[in-house]
Amino acid sequence: MEQKLKIGIEIHQQLNTGKLFCSCPSLLRNDAPGIVVTRKLRPSAGELGNIDPAALHEFGMGKTFVYEAYSDTTCLVELDEEPPHKMNLEALEVALQVAHAVGARPIDEIQVMRKTIIDGSCVSGFQRTSLVAVGGKLKLKGGKTIGIPTIGIEEDAARIMGSQGRDAVYRLDRAGIPLIEIATTPDISSPDEAREAAEKIGMLLRCTGRAMRGIGTIRQDLNVSIDGGARTEIKGVQWLNLIPLFVENEIKRQESLREIFKGGIKIGGKKDATGVFRNTKCKIIADKLANGSGVVLSLTVPGSAGLFKKELHPGKRFGREVAEYAKARSGVGGFFHTDELPAYGITPGEVEALRTRMGAHEGDLVIIVCEKPASADKALSAIIERLENKMGEETRRANEDGSTSYMRPLPGAGRLYPETDSPQISLKKKFPGPIPEIETPEQKLSRLEKLGLNLELAKSVFLSERADVFDKAISLGVQPTIAATTLEQTIPYLRRKGAKVDALSDEKLVAVFEVLSKNSITKEILPDLLEKLCAGSRLEELVATTKMASDDEVEKMVSQLVLEKMDYVKAQKERAVGGLMGLAMERLKGRADGKVISAILKKKVAEALGSH
Amino acid sequence: MVYAGIVKKLIEKAGASEGDTIVLDSGFNGILMPHTGSSEPDTIIVKLGSGYNVGIRCTTATKVGLVSKKLSAEKIPEASITPHQQKAPGDSKPKIAILHTGGTIASRVDARTGAVFSSFKPEDLIAMFPEVLEIADVESKLVRNMLSEDITSEHYKLLADEIARQVASGVDGVIIGHGTDTLHYTAAALSFMLDGLPIPVIFVGAQRSSDRGSSDAAMNLVCASRFIAKRGDFAGVAICLHGKMDDDYCLINPGCKTRKMHSSRRDAFQAINDFSTAKVWPDGRLEWLKKDHPACAGKKLELFTKMEKRVGLVKIHPDFDPALLKFYESSGYRGLVLEGTGLGHMPVTELDEFTTSNKENLKILKRMIENGCVVVMTTQTIYGRVDMNIYSTGRDLLKAGVIGGEDMLSETAFVKLKWLLGNFTAERAKELVGKNLRGEITERTLPDTFLRHG
């Protein structure tokens, strides 16, 4: 691994304290929104002096943003129709508790800042954020300490629901939920250490008791740079276990790019090659040319044949990297290049004609973009920008497969200016007494271990998205180990098997534990029952068909079994109990407790042997 | 605000001033920011390298060190948006004069200090609202820079005189940027002052300041420009802000029958007891909603800009104290607009031991009117019409000489009475105050003019 590898993480955790600048609940909803408002955002000239290039780009694209809101759980503050209310002090207290736990120094007077964000996710055009404490420390395994330079509190952005052409749709249920932001120094030196640090911080946040749980409630950003590579921020890694993969892939990506750019990439000529494709069978090009406004612009990259096939990290080629960048910067969805042609209906003859038109040789790479002239030109400019590596530090989106995609340039400090609508918060005035201390992760873990969970299972439950379900199951009287293994082992197992475990909502799982606690089902059938729930079955029906067998029923079934297998019983004597147990369990399909079956089986076998 | 006390001493000792980079013994290192009014007096404000501002409490033992002085030439660079001003040959864009009075619409934030400031050089305006130049040839002028709650009737005169100059110079329309709080007072005042106004004078404001991406300022300004470009024979004073919470269209609302109906929403300005004149979209689409808009045919502008200062606006409420009326009487007020309850009432009847002072109200009003004061009744219900013939209270007030203000907004009645008493005799004012002059009174209250939206 590289010498000058630098990894830092930034964790954002949602709090269930209610929103940061109004009294709406921290509640995500999936029912239809009653209010829909459309807005535009424009780069505001003046406060930054120079306008964020990404902001200007978005505005140039004339985007309309559609905001979905609820008449009962969102108010005018989220809609940017009313100034922010005073900061939620409960949320601030949580941030101060975390600060205290890592030995950070609180800021005496907190100033709310506006962070310019113009992709539409913040209705106002900025996110309200403030620095709460600085200079904390976190101990890792083996005595290593990393710094926690900042702890902040900010409002979450709206969540994106999709896009309709040029419009993006956001839902305001998430907008304004408090986020604690905890950053580490870039002293993390390996992918696994990154995971460990994230886990440590995650546990600390859970100890506040105010951390929201569920997918998306905690988000990790990773900052990675290698020697000679540009710092990259990877946004929104949702699973701890994926952190090492993202870090590894990012290191490889930066190393591969460093290699690719070592000698510089020569850029050749740009030409209109529309003529080559006049009668093309390639549907994408034919359609764009047919409506009269499209042209084919082409670019030669001399001596670079095969460049786009180079792998940056497993699953990602340089061609895709360039395409993603071009899409983000120009809005143009795609291009073709000679590393992949002939294909897509483009014939070898057309490729030949293209090379001739461009004066390109076998060893050259030729790229074509079919769009309206202005867009095609913009796309080629973006491609050249990427090929010349003139893009600087960047923000990348974390994809589910462990790869990342270009989002926008990394914003600078200039994006911050004071939120003039919020007064400064003097800690001495607002928190005159001591801040109540929180349980440490060690204390919390040992409590879980006392419930009978081993350390791994305890950690797993502690950090689980379904920790609330675990707590409820316990309060219903379900054995802690059964609840924990079901949630943390059975469900991941079912996911790996391909079951749609997303169907298992917290409410559904609590309902399952409820029927379990009433002895309406046995723990043995849980995996089978959960799998069926994933497949769309209804819990009531499943419970009805798997209702616990009465002792009479078990006895009847076991008698029948012993009768059927009398020869075996006679031959095996008492040992037949063990042999028949599996069969009996199978026939009862988990509708009776194993101990009960075993007792009855013993009795029946003894009876059978005795009568002979 | 400037630093005082301990912090001032510490800063002076370090030889630092605002904008310099300093370091505190607690390790905080950044730019010294001005003290904000709401900060604690012993707190020093520093902008860290990350961009965050933090307030650090100081004692006499705190050490402040100067790291570097700010660069003298450092100032906010101009914005880098360039307008696409394409003037095709034969293109006849309307000429628009934009007059600024301050308010949210023009505010910008100083990146260093976070202070809101206004700047009205034409190039700033171009930087802030480049789209307007595609619609019109624009001349921009700063009349005053103030929040609208500070605007007085003397400022109305400044505006009226400037509009007259612009009319004389041949502009097609005037846009007035104005703070929203009292925008409808100024719009009403100019409606009266500018007799025979031959062009549209459109007030615009903003509910979200121009320094944020979600500001409504640009769209309001663009729609006002679009409206002037497509005005047809429209002439008169109107108000142009968002019609809905969406950035969809703006409403052109009548200058005398519009009110700020919400403290913060973008669509705060709504026509009351009347219809909006038109809907305008930023792309130039226009939909007329009312046909009988003021027209300019053959009019000649004449100014009547005097305003009587001694006119009061009084809201009636339970436990109304006659001393309030006595104040107006003894201070020599020449006009009084009452914002009465319901159909136009106030406590004037003695019923029991708790209501003995009510008769006093009536007595003072009567005396004021006999001595030449013009008293007009409007209603605090905002919507609807005054009618003092229904209950005996109203009849008593009428008998005392109180004039019914019909369906006039109380704010409009207030401005109108100031104008009438400023330019005409009290007798003439009495005759005219209840009559429609500029669209401030309608003859019929149409069903669809109540609490509709958009």
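The values are calculated or read from the model by the stated rules, or taken from the named source; none is laboratory data. Bear in mind that the values here come from a model prediction, so they are computed numbers and not experimental data. Cβ: placed from backbone, ideal geometry, glycine included. Neighbour counts: every protein chain shown. Heavy atoms of the whole protein, side chains included, go into the accessibility calculation; ligands, DNA and RNA do not. Shrake-Rupley method; radii C 1.70, N 1.55, O 1.52, S 1.80 Å.
Highest mean packing first, where packing is the average number of other Cβ atoms within 10 Å per residue, the peptides A:97-103, B:355-361, A:234-240, A:128-134 line up as A:128-134, A:97-103, A:234-240, B:355-361. Run the paramagnetic zone check for A:T38: 7 angstrom along Cα to Cβ, then residues of the range B:228-248 with backbone nitrogen under 18 Å. Residues passing the 18 Å test: B:242-248.
Normalized C-alpha radius of gyration of the range A:490-531, against 2.2 N^0.38 Å? The range A:490-531 yields a ratio of 1.14. The fraction of all Cα pairs in the protein assembly as shown landing in successive 20 Å bins from 0 to the largest distance is 10, 30, 32, 20, 7, 2, 0, given as whole percents.
What spacing in nm lies between the two simple spin-label points modelled at B:L147 and A:A511, each 7 Å away from Cα in the Cβ direction? If labels sit at B:L147 and A:A511, their model points lie 5.5 nm apart. Between B:E370 and B:K315, the C-beta separation translates, for a Förster distance of 30 Å, into a calculated FRET efficiency of about 0.80.
The fraction of Cα-Cα pairs per 20 angstrom bin, counted from 0 for chain A, comes to 16, 40, 29, 13, 2, 0 percent, rounded to whole percents.
Amide H to amide H, with H built 1.01 Å from N, B:G404 comes under 5 Å of B:M377, counting only residues 5 or more places away or on other chains. Using the Cβ-Cβ distance between A:K602 and A:K497 with R0 = 41 Å, the FRET efficiency computed as 1/(1 + (r/R0)^6) comes to roughly 0.75. Note that the range B:9-14 has calculated 3J(HN,Hα) couplings of 4, 4, 5, 4, 4, 7 Hz, one per residue in order, obtained from phi through the Karplus relation 6.51 cos²θ - 1.76 cosθ + 1.60 (θ = phi - 60°); glycine and proline are x. Among the residues of B:147-157, the average count of other protein chain beta-carbon atoms within 10 Å of the residue beta-carbon is 0. Working from label points 7 Å from Cα in the Cα-to-Cβ sense, the A:K4 to B:E302 distance is 8.2 nm. Oblate is the label for the range A:301-381. Its Cα gyration tensor axes, ordered a ≥ b ≥ c, give a/c of at least 1.5 and b/c at or above a/b. Label reach from A:K86 (point 7 Å along Cα→C-beta): in the range A:420-458, amide nitrogens under 16 Å belong to A:421-433. Other residues with beta-carbon under 15 Å from the beta-carbon of A:G579 carry, at +1 per Lys or Arg and -1 per Asp or Glu, a net charge of +3. Model label sites at B:W281 and A:M161, defined 7 Å from Cα along the beta-carbon direction, differ in position by 2.3 nm. Peptide A:74-81 has a mean shielding of 4, counted as Cβ atoms of other protein chains within 10 Å of each residue's Cβ. For the peptides A:223-230, B:265-272, the ranking by packing is B:265-272, A:223-230, with the highest mean count of neighbouring Cβ atoms within 10 Å listed first.
Return the calculated 222 nm mean residue ellipticity for chain A, to the nearest 500 deg cm²/dmol, obtained by summing -39500 (n - 2.57) across DSSP H runs with n ≥ 4 and dividing by the residue count. Per the formula, -11000 deg cm²/dmol.
In the range A:200-286, the portion of solvent-accessible area held by carbon and sulfur atoms comes to 51 percent [1.4 Å probe, whole percent, DNA, RNA and ligands not counted]. Based on a Kirkwood Rh over C-alpha pairs, give the Stokes-Einstein translational diffusion coefficient of the range A:491-612 at 37 °C and viscosity 0.692 mPa s in µm²/s. Result for D is 207 µm²/s. What is the range A:134-281 by shape, rounded, prolate or oblate, if you read a ≥ b ≥ c off the alpha carbon gyration tensor as root eigenvalues and call it rounded for a/c under 1.5, prolate for a/b larger than b/c, and oblate otherwise? Oblate, since a/c reaches 1.5 and b/c is not below a/b. Name the residues of the range B:212-251 whose accessible area, probed at 1.4 Å, falls by at least 30 Å² once all protein chains are in place instead of their chain on its own? Output list: B:R212, B:G213, B:S214, B:M245, B:D246, B:D247.
By DSSP, the beta bridges lying fully in the protein assembly as shown are antiparallel in about 75 percent of cases. Rounded to the nearest 20, the Cβ-based charge dipole of chain A about its Cα centre (Lys and Arg +1, Asp and Glu -1) stands at 800 debye. The value for chain B of Rg(Cα) / (2.2 N^0.38 Å) is 1.17. Within 10 Å of the Cβ of each residue in A:31-41, the mean number of Cβ atoms contributed by other protein chains is 3. Once the 1.4 Å probe is applied to the protein heavy atoms, chain A comes out at 44 Å² accessible per residue. Among the chymotrypsin sites (Phe, Trp or Tyr not before Pro) in the range B:290-393, those located in a DSSP loop and surrounded by at most 11 other Cβ atoms within 10 Å of their own Cβ are B:F354.
Along the positive direction of the dipole of the protein assembly as shown (beta-carbon charges: Lys, Arg +1; Asp, Glu -1; about the Cα centre), which of A:S381, A:G402, B:A429 reaches farthest? Sorting the options by dipole projection puts first A:S381. If only the Cβ of Lys and Arg carry +1 and only the Cβ of Asp and Glu carry -1, the dipole of the range A:395-517 around its Cα centre is close to 360 debye. Looking at the range A:323-357, the GluC sites (Glu not before Pro) that sit in a DSSP loop and have at most 16 other Cβ atoms within 10 Å of their own Cβ are A:E340. The mean accessible area for residues of chain B, using a 1.4 Å probe and ignoring ligands and nucleic acids, is 42 Å² per residue. The residue list A:M212, A:A183, A:V169 was ranked by how far each Cα lies along the charge dipole of the range A:139-247 toward its positive end, using unit charges on Cβ atoms, and A:M212 comes out on top. Were the residues from B:S92 through B:N389 laid out at 0.36 nm apart, the gain over their Cα-Cα distance would be 101.4 nm.
Association of chains A and B removes close to 4000 square angstrom of accessible area from solvent, both sides included, for a probe radius of 1.4 Å.
Counting only Cα atoms, the size of the range A:224-342 along its three principal axes is 51, 34, 23 Å, in decreasing order. Of the beta bridges in the range B:278-425, as assigned by DSSP with both residues counted there, near 25 percent are antiparallel.
Take the Kirkwood radius over Cα pairs of the range A:353-449, plug it into Stokes-Einstein at 4 °C and 1.567 mPa s, and you get 62 µm²/s for translational diffusion.
Our coupling estimate for the range A:4-13, obtained by passing each phi through the Karplus curve with A = 6.51, B = -1.76, C = 1.60 and θ = phi - 60°, is 9, 6, 10, 10, x, 10, 9, 10, 10, 10 Hz, Gly and Pro reported as x. The residue list B:N53, B:F28, A:I284 was ranked by how far each Cα lies along the charge dipole of the protein assembly as shown toward its positive end, using unit charges on Cβ atoms, and A:I284 comes out on top.
The slack in the chain from B:E350 to B:K435, taken as 0.36 nm per residue of separation less the alpha-carbon distance, amounts to 27.3 nm.
Assuming R0 = 51 Å, what is the FRET efficiency of B:A295 and B:L71, from their Cβ-Cβ distance, to the nearest 0.05? For B:A295 and B:L71, the calculated efficiency is 0.35. For the range A:529-578, applying the loop criterion from DSSP together with a ceiling of 16 other beta carbons within 10 Å to the trypsin sites (Lys or Arg not before Pro) yields A:R538, A:K547. Taking 0.36 nm per residue of separation and subtracting the current Cα-Cα distance, fully stretching the chain between A:L455 and A:R397 would add 17.6 nm.
Residue by residue, the range A:168-174 carries 3J(HN,Hα) couplings of 10, 10, 10, 10, 8, 4, 7 Hz when phi is fed to the Karplus relation 6.51 cos²θ - 1.76 cosθ + 1.60 (θ = phi - 60°); x denotes Gly or Pro.
About the centre of its Cα atoms, the range A:388-429 shows a dipole size close to 280 debye [charges on the beta carbon of Lys, Arg (+1) and Asp, Glu (-1) only; nearest 20 debye].
The translational diffusion coefficient of the range A:164-229, from Stokes-Einstein at 10 °C and 1.306 mPa s with a Kirkwood hydrodynamic radius over alpha carbon pairs, comes to 107 µm²/s.
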